[in-house]
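The values are calculated or read from the model by the stated rules, or taken from the named source; none is laboratory data. The model shown is predicted, which means the values in this text are computed figures rather than measured ones. Every residue, glycine as well, gets a Cβ built from its backbone with ideal geometry; the counts of neighbours run over all protein chains shown. For accessibility, only protein heavy atoms count, side chains too; no ligands or nucleic acids. Shrake-Rupley method; radii C 1.70, N 1.55, O 1.52, S 1.80 Å.
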Amino acid sequence: MNASVAPSWHPELETRHAALIERLERLIPCMEVPLHLPWIDAINVLKKERGAVIMAHSYQSPEIFHGVADITGDSLALAQAAARCDSDLIVLCGVHFMAESAKILAPHKTVLIPDLEAGCSLAASITADDVRELRRQHPGMPVVSYVNTSAAVKAESDACCTSANAVQVVEAIAAEFGVDKVIFLPDRYLGAWVAQQTGIELVLWNGVCEVHEKFTAMEARHTRERFDAKIVAHPECSPEVLAEADFVGSTSAMGKWLAKEKPTRVAMITECSMADNLRNQFPQVEFIKPCNLCPHMKRITLPNIHACLRDLNNEISVPEDVAARARKALDRMLAVGRGEKL
Ligand code: 13P
Ligand code: SF4
């Protein structure tokens with residue numbers, strides 16, 4: 001079957017997927033559900049035949065997140081899940097650096113990504129040569145790189161971090177190296193927020209997330225004042241937006257905050273699908289939805305997931321010498337998460 005030829009609708013799908021239909025109808029336009037269902041059904045059959053596990057990031061569209069994913073979460077959770085999952089075949093529905101992290105931590109598994117072009121403006125903003133040049137300019141200063149980077153950049157770094165653990169990793173690395181200055185790359189907004197939280201001076205790179213950069217302080221203020229909504233923002237937003245927020249945190253921290261605070265109304269200042277995917281978990285919360293889609297995350301679709309599972313193509317590979325050094329930086333991050341001394 002060609003990727004462009006959709007599996008056809010049949011009435012049996014309605015009984016087989018009654019609970020999923022109900023859930024999706026709450027999250028996406030009802031009329032779209034019958035378009036997705038044949039793909040969801042076909043992917044789930046193929047997934048079983050292949051013995052594959054599908055992992056999906058929280059920014060994936062609801063029909064992927066709820067319809068076909070076995071494991072969902074932030075970039076950290078997906079990388080950890082890859083390392084410990086039973087299956088030898090992983091289809092990662094997210095962007096390229098996430099699939100690379102999974103491959104680095106699970107080197108003996110086959111990791112596929114439905115679209116190899118699913119990139120990230122942060123990962124594209126810096127190269128391994130840039131990191132080597134930063135080290136030359138700042139001798140003795142350790143390098144912490146956000147996981148939103150290529151494997152080659154990770155390989156030049158002392159430790160990686162995600163937005164969920166950036167503060168702890170920077171503090172641990174500064175203590176390990178006995179320094180009060182750290183190179184932090186590539187997100188200058190996340191870096192500025194981490195510097196504020198830790199009091200550690202950070203040398204920053206000029207990278208930004210093209211999605212979070214679009215939000216403005218005026219929008220956040222307007223939403224709070226007009227709709228009496230709590231503002232929850234991702235630290236990839238500008239400092240002006242973060243100054244308007246009731247809570248700043250990573251995608252996983254946002255969910256935890258909602259569970260604890262149970263706000264009546266909230267605006268999630270982050271990629272659009274995040275609110276859709278949380279809405280199912282928090283039916284009592286009203287979500288005011290700003291919509292900034294990540295064009296890279298949205299390259300992943302049900303048809304290309306199906307094609308990838310069918311043809312077993314788009315395999316991620318990382319040269320072993322690069323992977324070995326990148327793994328050290330990722331392992332340091334995971335050690336901080338386990339509360340170990342570096
Ligand atoms: P997380 O690390 O929170 O999953 O975020 C990744 C990302 O791409 C944010 O824009
Ligand atoms: Fe990269 Fe931003 Fe998309 Fe996340 S939302 S993958 S940081 S471009």
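Based on the Kirkwood approach, the hydrodynamic radius assigned to segment 54-155 is 14.5 Å, with every pair of different Cα atoms included. Across all C-alpha atoms in segment 204-342, the radius of gyration and Dmax reach 18.5, 54 Å. When Rg and the Kirkwood radius Rh are both evaluated on Cα atoms of the chain, their ratio Rg/Rh stands at 0.98.
Coordinate range of the alpha-carbon atoms in segment 141-187 per principal axis, descending: 27, 21, 14 Å.
Taking a quarter of the surface of the convex hull around the Cα atoms of segment 129-220, what do you get in nm²?
Numbers: hull surface 24.7 nm².
Averaging across all directions leaves 6.2 nm² for the Cα convex hull.
Report the calculated FRET efficiency for R136 and E25 (r = Cβ-Cβ distance, R0 = 56 Å), to the nearest 0.05. Efficiency for this residue pair is about 0.50. Within a straight-line Cα-Cα reach of under 12 Å, K109 can be paired with the following aspartates and glutamates, leaving aside sequence neighbours fewer than 8 residues apart in one chain: D86, D88, E100, E315. Gain on full extension, evaluated as 0.36 nm per residue between L342 and H222 minus their Cα-Cα distance, stands at 38.8 nm. The smallest convex shape that holds all Cα atoms of segment 99-152, its convex hull, gives 91 Å³ per residue.
For the chain, what is the accessible area per residue in Å² when the probe is 1.4 Å? Don't skip to the end; give the middle numbers.
Working: 14800 Å² over 342 residues.
Averaged over the residues of the chain, the accessible area is 43 Å².
Taking GluC sites (Glu not before Pro) as candidate sites, keep only those in a DSSP loop with at most 13 other Cβ atoms within 10 Å, then name the longest stretch of the chain containing none of them.
On the way: sites that count: E117, E340.
The reported range is 118-339.
Its residues counted as N, segment 81-238 yields a C-alpha radius of gyration over 2.2 N^0.38 Å of 1.15.
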